[in-house]
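What follows is a set of notes on a single structure, which appears directly below.
The values are calculated or read from the model by the stated rules, or taken from the named source; none is laboratory data. Because the structure is a prediction, the values reported are computed rather than measured. For neighbour counting, all protein chains shown are included, and Cβ atoms are generated from backbone atoms with ideal geometry for every residue, glycine included.
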Amino acid sequence: MDRILTAWRWTAGAALIAMMAVVGLDRLFPPPSLSERSVIVTDERGQIFRAFPVEGGRWRLAADLDGIDPAFIAALIAIEDERFHIHRGVDPIAILRASAHSLRAGEIVSGASTLTMQTARLLEPRPQRNLGSKLMEVWRALQLEARFSKQEILETYLTLTPYGGNLEGVTSASWAWFGHAPDRLTPAQIALLIALPQAPEARRPDLRPENARRGRERILQRLANYGVISSDIAIESAAEPVPSRHDFPALAWHASQSLRTASDGSSSVITSTLDYTLQLEAERLASEAAMAAGPDVQISVLVVENANRAVRAAVGSASRARAGGWIDLSNRPRSPGSTLKPFIYGMAFDDGLATPQTRLTDAPRRFDSYMPENFDRMFRGDVTVAEALQHSLNVPAVETLDAVGASRFAAGLRFAGASPSISAGASEETGLAIALGGAGLTVRDLATLYTGLANGGEVRPLVWNAGDLGTDAQGMQIVSAESAEEILTILRGAPQPSGRAPASLTSAAPSIAFKTGTSWGYRDAWAAGIAGGYTVVVWVGRADARPRTGQTGREAALPVLFDVFDMLPRQETPREDRQPWLLAQETPEPLARYNRDPAPEILFPPHEAEVWMETDGRDYVLAGRAGSSLRWYVDGQPVSANSAGEPVWRPVGPGFYAVRAVDESGRTALSRVRIITPAG
């Protein structure tokens, strides 16, 4: 009895030691993990825009069982590992069967590797196939089964399986050989996807189509023998032609690259805000318009949904086959021409300098060393602000910018996230050229500004990644909601392009508030528009900035803009055309013409200043300069005075504030400041 007890203790101890050794080895030498996978960019419905190869130019698209035809999974398991869902990584029955077959044949005629063992081999390739490597596969298979679910193991296998050349994984193979995702597969396609990994190079359809056909036929016959498909279907499928190789998806080429560059690399799938159907149609429109425009012409288009600022279509260039097509021209600064004029007038409305019916003189005028002239070199005399904007007159725009302040206007654009490229050391006078395109902006910048105009003058960053929808990004009120609506109403009344009836006469489309622009020397043609819940910006030109004589924004870009709006889905939004109200509106006498006396000026706090707030709070004395007394407001609330009659303001906490001073004539000065605490 003592001997039995002692033996049992020794056995139990040895088993415990062995178990501890196994656990220790498992922790010291865990199985390798799946290395990088191809990044894909999709829309919110999962439609692929573009895929990116991994190191070495290999296509390794991640497999997702939810997106793979269940018939393929059933056929794969029937052929490769019929007890996959039962065993724990190693199949003893398969080992015995393979051994018996090999003994009868006198050589190895079949293997016993399970899908888990094959996954282990793909994760950790070994140059030699011998007993040692086989034992290591068994060990790794047991480790994988202990760590992962059957679905995870199968997805790893179907991500790494070789399919010849630079193709890895069933998703890559399906796109390459069939031109679509593996979510729907014919019996012939299923058989080919099972046959290829058995001899990836020997059965490549593009290089050895006859071998591929024979390998597919053998798999079809086995599937029929197993009862997975009928014999008739196997015969019919074997007669299908062997496929040729397809290109991988390449829509939204530049936007996809931007999204990939901006991603943190934590996921192989980037879900964009782009809409597959709109993107496809926008690229088609841009390509056709560029071809019609002549050699080397490129077009960039951006479509933004106003409600959530989501970019729904983005065309960086019309064609990569043309000069500059590999450059994302939506992200290159170009002269915006007259497209910034709406914001100049909007700021003038906010400052109390003008209304839509304020009258200006469109006549030759010099601003120190700067003397602008109209595009057609003609002058129209007395015009209203609305007329000046609708007809894009230059002298009134420069005069208005002079009243608003060129430096302040440029600062407002930068603060809103659109940074104009202005030459260093530019004076206030030379800075006036920004009214006519004397500063570089990108298509993305302009789309950001116009989307803000559509959202009551509040500018926020555009949203490209679907995961960012609904987040609260910092916004900036570039113009007030009232001024934004007045500007949009004016733009809706601009002369329609040739061949287009006024929107008020048609029921097919909402009224488009649009503005065109043409840079100096006809290098850049622009059109920006807002309607039906969307903002669209179109740029037309050459990538190398060579001129296109006579090609204005109205002639080259505006027709494309209207075509893009025609293909957008209709959104139920109220159509507000207040132009008749504007024309009949009575303008207050002080605003009937610009008052060239000095406008109110805020001395403290200066515009765009960062002011420190002490932790125990502090009153700030507001200071300004004007020809009459000033009334002060912070975020629309009046500011009280101290015992000395000075306006004092105590911020409620850190953040951004709008400080406004109003003189007796109703003219205002605005200073946007940020209050910060010593802690930052």
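Can you pull out the residues in region 235-266 that are surrounded by fewer than 13 Cβ atoms within 10 Å (Cβ to Cβ) and either among the polar types (S, T, N, Q) or on the phi > 0 side of the Ramachandran plot (or both)? Within region 235-266, 244, 261, 265, 266 meet the criteria. Cβ-Cβ contacts under 8 Å between residues 6 or more apart (or on different chains), taken from a first residue in region 611-625 that is more than 10 Å from residue 649 (Cβ to Cβ) to a second residue that is at pLDDT below 75 and among the hydroxyl-bearing types (Ser, Thr, Tyr), are listed as 612/677; 613/677; 615/677. From the list 482, 458, the one residue that fits, being without any contact (Cβ under 8 Å) to a residue 24 or more places away in the chain and in contact with a helix residue (DSSP H, G or I) (Cβ under 8 Å, 6 or more places away or on another chain), is 458. In region 344-373, the residue that is farthest from the chain's Cα centre (by Cα) out of those that are in a loop (DSSP other than H, G, I, E, B) and of a type in the set (Gly, Ala, Ser) is 363.
Residues checked against (1) part of a loop (DSSP other than H, G, I, E, B); (2) over 28 Å from the mean Cα position of the chain (by Cα); (3) of a type in the set (Phe, Trp, Tyr); (4) modelled with pLDDT of 95 or more:
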| residue | (1), (2), (3), (4) |
| --- | --- |
| 172 | no, no, no, yes |
| 177 | no, yes, yes, yes |
| 180 | yes, no, no, no |
| 185 | yes, yes, no, yes |
| 189 | no, yes, no, yes |
| 192 | no, yes, no, yes |
| 195 | no, yes, no, yes |
| 202 | yes, yes, no, yes |
| 205 | yes, yes, no, yes |
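So that you can scan it fast, the table gives a plain yes or no per residue for (1) under 19 Å from residue 519 (Cα atoms); (2) modelled with pLDDT under 85:
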| residue | (1), (2) |
| --- | --- |
| 359 | no, no |
| 372 | yes, yes |
| 375 | yes, yes |
| 380 | no, yes |
| 383 | no, no |
| 386 | no, no |
| 389 | yes, no |
| 397 | yes, no |
| 403 | no, no |
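Annotation note: of 403, 411, 418, 386, the sole residue that is outside any helix (DSSP H, G or I) and of a type outside the set (S, T, N, Q) is 418. In region 562-579, the qualifying residues are those that are part of a helix (DSSP H, G or I) and over 13 Å from residue 498 (Cβ atoms), and the one that is modelled with the lowest pLDDT is 579.
Within region 626-641, being under 47 Å from the mean Cα position of the chain (by Cα), at pLDDT 80 or above and of a type in the set (Gly, Ala, Ser) holds for one residue alone: 640. Is it fair to say residue 311 is touching a helix residue (DSSP H, G or I) at 6+ places or on another chain (Cβ under 7 Å) and not in a loop (DSSP other than H, G, I, E, B)? So residue 311 does not fit the description; no.
Any residue at all in region 42-59 that's touching a Leu at 6+ places or on another chain (Cβ under 8 Å) and either at pLDDT below 90 or over 30 Å from residue 257 (Cα atoms) (or both)? The answer is no; no qualifying residue exists.
If you go through region 274-284 one residue at a time, do you hit one that is modelled with pLDDT of 95 or more, within 12 Å of the chain's Cα centre (by Cα) and outside any helix (DSSP H, G or I)? Yes - at least one qualifying residue is present in region 274-284. Among the residues of region 327-343, those identified as more than 9 Å from residue 543 (Cβ to Cβ) and either assigned to a loop (DSSP other than H, G, I, E, B) or among the β-branched types (Val, Ile, Thr) (or both) are 328, 333, 335, 336, 337, 338, 339, 340. If you filter region 202-225 down to residues that are of a type in the set (A, V, I, L, M, F, W, C) and under 19 Å from residue 236 (Cα atoms), you find that the one that is surrounded by the most Cβ atoms within 10 Å (Cβ to Cβ) is 220.
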